[in-house]
1. Answer with one residue from Ser269, Asn313, Ala158: the one whose Cα lies farthest towards the positive end of the charge dipole of the chain, charges on Cβ with Lys, Arg +1 and Asp, Glu -1.
2. Just how large is the dipole of the range 165-204 about the Cα centre, in debye to the nearest 20, putting +1 at every Lys and Arg Cβ and -1 at every Asp and Glu Cβ?
3. Taking Cα pairs under 8 Å and at least six residues apart, what relative contact order does the chain come out at, in percent?
4. Return the loop-located trypsin sites (Lys or Arg not before Pro) in the range 126-192 (DSSP other than H, G, I, E, B) with at most 16 other Cβ atoms within 10 Å of their own Cβ; answer none if there are none.
5. Which FRET efficiency value, to the nearest 0.05, is calculated for Ala26 and Lys2 with the Förster distance at 22 angstrom and r the Cβ-Cβ distance?
6. Roughly how many nanometres apart are two label points built 7 Å out from the Cα toward the Cβ at Arg110 and Glu294?
7. To the nearest 500 deg cm²/dmol, what mean residue ellipticity at 222 nm is calculated for the chain from DSSP H runs of n ≥ 4 alone, each contributing -39,500 (n - 2.57), summed and divided by the residues?
8. How do 117-126, 6-15, 25-34 rank on mean C-beta neighbours within 10 Å, highest first?
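Read-outs throughout are calculated quantities, based only on the coordinates presented, and are distinct from any laboratory measurement. Values in this document were obtained by computation on a predicted structure and should not be read as measured data. In this analysis, Cβ positions are derived from the backbone assuming ideal geometry, glycine residues included, and neighbour counts consider all displayed protein chains.
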Amino acid sequence: MKQIIHIVGNRPQFIKLAVLYQAIAARKIARQQILHTGQHYSHEMSGVFFDDLALPAPDIRLQVENTDPDLFIAHTTRQIQQYLAKEKPDTVIIYGDTNTTYAAAKAAARTGQTLHHFEAGVRTGDLKAPEEINRLVADRLSSVHYCCTTHNLQTLKAEGFGTSIRATPVFTGDLMLDAYLKIPEDTSFRLEAAPYVACTIHRAENILIKQHLEAIIEALNTLHRHIPVVVPLHPHTQKKIAETGATVSFRVVPPLGYPQMKAFIKQASLVITDSGGVSREAYFAEKPSLVIMERPVWPEIIRSGAGLACGPNKDAILHAFTRLDQLKPGFEAALFGYGNAAQNICDHLSDSL
């Protein structure tokens, strides 16, 4: 039987993996293995997702100190390369735009493995953002590109993928939408504050630049005086906030598993985020969102009228937030497909394998 290795390392990748892994298993397309790089290593950011999403334990979990991003990429690339050289899988599947994605793409290319990239064709044009570099490298080294939106597909074709660049771009729809439609929310999840603003902050350019993080904290503190702002805080963000010495008056809760996060967003009035995954989850839940990125990952959401985008500036955030109520959203699930991305990918894998 053919062999597929999925390489993952963080929360959004676990969610996408869960629906695709189960679809491949149900159709018995190939034997599957999961390689977890440990990019998210705590139980609250990793183990709880494997438990909640009914994923089997990873077949291999790397032991890499997740401190300096460059060292993480170097050590992870080396270990993945050694593993792939030994296993020689028929296909390697990578997800998204993280340092795990980058390392896995390099390792697969060096060992001559066929590489499939899910969430291909995403572009912001911001080469200062690590994620943009990761996307470009992953797409260029992959031979098959699974696209969440038709805009992603058109972007790849405009760059020459499928013509001057030998590749197979495929519109599949979004595995995140599959997960949203198939994985039930935690109906027992309730917050005392209602209505509230659901907020997540974790992106490097927002938390590693002190003035950006301080501006976001000040804006959230100001908003919290008028409507409760609730933030499930990523451990790295929590550490960076502590380093600033800034006072936090908005409500902080521990990181949430997927069923709890789904309920958290559905029960919110509005969403503020710098996460490509959470902005999509807000869209699926039909919640207007403010994306704290000057160049958002999913401009499709902004163009649909379902969200606004701004930079990490206190006045810009507060001004944009006042405009959310004025939006006339066009919440159309077809923007990210129809919730059958896993089946579309399975169809392609059945043919290609």
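1. Ala158
2. On the way: 4 positive and 5 negative charges, 52 e Å.
In total the dipole reaches around 240 debye.
3. With pairs under 8 Å counted, the relative contact order is 16 percent.
4. Working: sites: Lys128, Arg135, Arg140, Lys157, Arg166, Lys182, Arg190; in loops: Lys128, Arg166, Arg190.
In loop regions of the range 126-192 (DSSP not H, G, I, E or B), the sparsely surrounded trypsin sites (Lys or Arg not before Pro) are Lys128, Arg166, Arg190.
5. On the way: r = 16 Å, r/R0 = 0.72.
Calculated value: 0.90.
6. Using points 7 Å along Cα→Cβ, the separation is 3.4 nm.
7. On the way: 15 runs with 158 residues, N = 353.
Taken over the chain, the calculation gives -13500 deg cm²/dmol.
8. Values: 117-126: 21.8, 6-15: 27.1, 25-34: 15.7.
The most tightly packed comes first, giving 6-15, 117-126, 25-34.
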